[in-house]
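First the structure, in the form of structure tokens, and then the observations on it.
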Amino acid sequence: MSSEIAEMCEINQEDGGWRIGAAVPSAQMNEHAGLKADWPGIVEGADLIGSTQIQGRATMAGNLCNAGPAADSVPAMVAAGAIVRVAGPSGSRDVPVEDIPTAPGKTSLAKGELVTSIFLPAKPPRSGSAYLRFIPRTEMDIAVVGVGITLTLDEAGTIAAASVALGAVGPKVIKADTAAKTLIGTKGDESTLEKLAAAASAAATPIDDKRGTAEFRKDVTGVLARRTAKIALARAKGEA
Ligand SMILES: Cc1cc2nc3c(=O)[nH]c(=O)nc-3n(C[C@H](O)[C@H](O)[C@H](O)COP(=O)(O)OP(=O)(O)OC[C@H]3O[C@@H](n4cnc5c(N)ncnc54)[C@H](O)[C@@H]3O)c2cc1C
């Protein structure tokens, strides 16, 4: 049982970052002040998985390995550069989080492998993260679009690094590097956010389904990218 393996149930500091055991439920993450301070985007993504009851059991590892395209914890993890530790019959290996899901319901894990922990790197100074999703209801629904963003400012307040990840608009999470590039070298002003929104919409490859048309999802991707970037920017400046 994973609950009897201490390293799978703990959140520990490592190399200035955080190692989150694969059996740590999202409720435990939400109560961890240090993790929340460093990676608010990740905690807010995990905090959207189901209801309070579900969050007492649901883990980011399960949310990731479920390989649902709309998994709420995954875009923020991708934007943070999270690394997944996988153990199996031939030892253990570290894998970028975006390489775990391969298609709806499918992962790159080999037979006999399991995720033992997820590593969030040290939060760079002057950086901020955020996750937003769109759902038709106010809670307990599956994301129609989800956007995770991490960005870092230099000492002059210019965006020096950025990462943008999109959920629910492709068969798996999309790392939208073209969208991230629109932020770099700017102060995140309105004209930059316009370009970010257009690039995020262009990077989305959604399908039509009963929760939204592809056209609607592309549009919402841009809107959410802009709003998520604003929150990440405010956090990077220490304003939120
Ligand atoms: C009522 C309800 C509402 C929900 N709402 C949301 C929502 O709003 N947003 C959202 O993103 N998700 C939602 N979910 C789904 C959610 O993705 C999963 O229930 C949850 O994230 C999975 O976590 P778990 O730890 O319970 O994993 P499990 O359900 O135990 O596992 C999920 C899959 O991952 C595999 N797995 C689990 N852990 C590991 C591991 N360590 N290594 C390898 N494989 C592993 C399992 O074999 C299984 O295939 C909801 C689910 C329910 C029941």
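The values are calculated or read from the model by the stated rules, or taken from the named source; none is laboratory data. This is a predicted model, so every value here is computed, not measured. Don't worry about glycine lacking a Cβ; one is built from the backbone with ideal geometry, like all the others, and counts go over all protein chains shown. Surface areas here come from the heavy atoms of the whole protein model, side chains and all, with no ligands, DNA or RNA. Shrake-Rupley method; radii C 1.70, N 1.55, O 1.52, S 1.80 Å.
Overview of values
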item	result
ALA67 over 11 Å from PRO101 (Cβ atoms) and surrounded by 21 or more Cβ atoms within 10 Å (Cβ to Cβ)	no
Enumeration of residues in segment 1-46 that are in a helix (DSSP H, G or I) and more than 16 Å from the ligand (Cβ to nearest atom)	ALA33, GLY34, LEU35, LYS36, ALA37, ASP38, PRO40
Matching residues, segment 224-240, being closer than 18 Å to ALA179 by Cβ, in contact (Cβ under 8 Å) with a residue 40 or more places away in the chain and open to solvent by less than 70 Å² (accessible area, probe 1.4 Å)	LEU224, ALA225, THR228, ALA229, ILE231, ALA232, LEU233, ALA236
Subset tally (residues that are surrounded by fewer than 19 Cβ atoms within 10 Å (Cβ to Cβ) and in contact (Cβ under 8 Å) with a residue 12 or more places away in the chain) for segment 181-191	5
Criterion (closer than 13 Å to SER201 by Cα and either of a type in the set (Val, Ile, Thr) or in contact with a Lys or Arg (Cβ under 8 Å, 6 or more places away or on another chain) (or both)) met by exactly one of THR178, THR158, THR152, THR186	THR178
Strands (runs of 3 or more DSSP E) (entirely within segment 65-157) containing at least 2 residues that are within 11 Å of the ligand (Cβ to nearest atom), touching a helix residue (DSSP H, G or I) at 6+ places or on another chain (Cβ under 8 Å) and without any contact (Cβ under 8 Å) to a residue 60 or more places away in the chain	none
Filtered residues of segment 160-174 (kept if surrounded by fewer than 24 Cβ atoms within 10 Å (Cβ to Cβ) and hydrophobic (A, V, I, L, M, F, W, C))	ALA160, ALA161
Search result, residues across segment 198-217 that are within 23 Å of ALA80 (Cα to Cα) and surrounded by fewer than 20 Cβ atoms within 10 Å (Cβ to Cβ)	ALA198, ALA202, THR205
Only one of ALA46, ALA103, ALA130, ALA33 that is within 30 Å of ALA156 (Cα to Cα), at pLDDT 95 or above and under 18 Å from the mean Cα position of the chain (by Cα)	ALA130
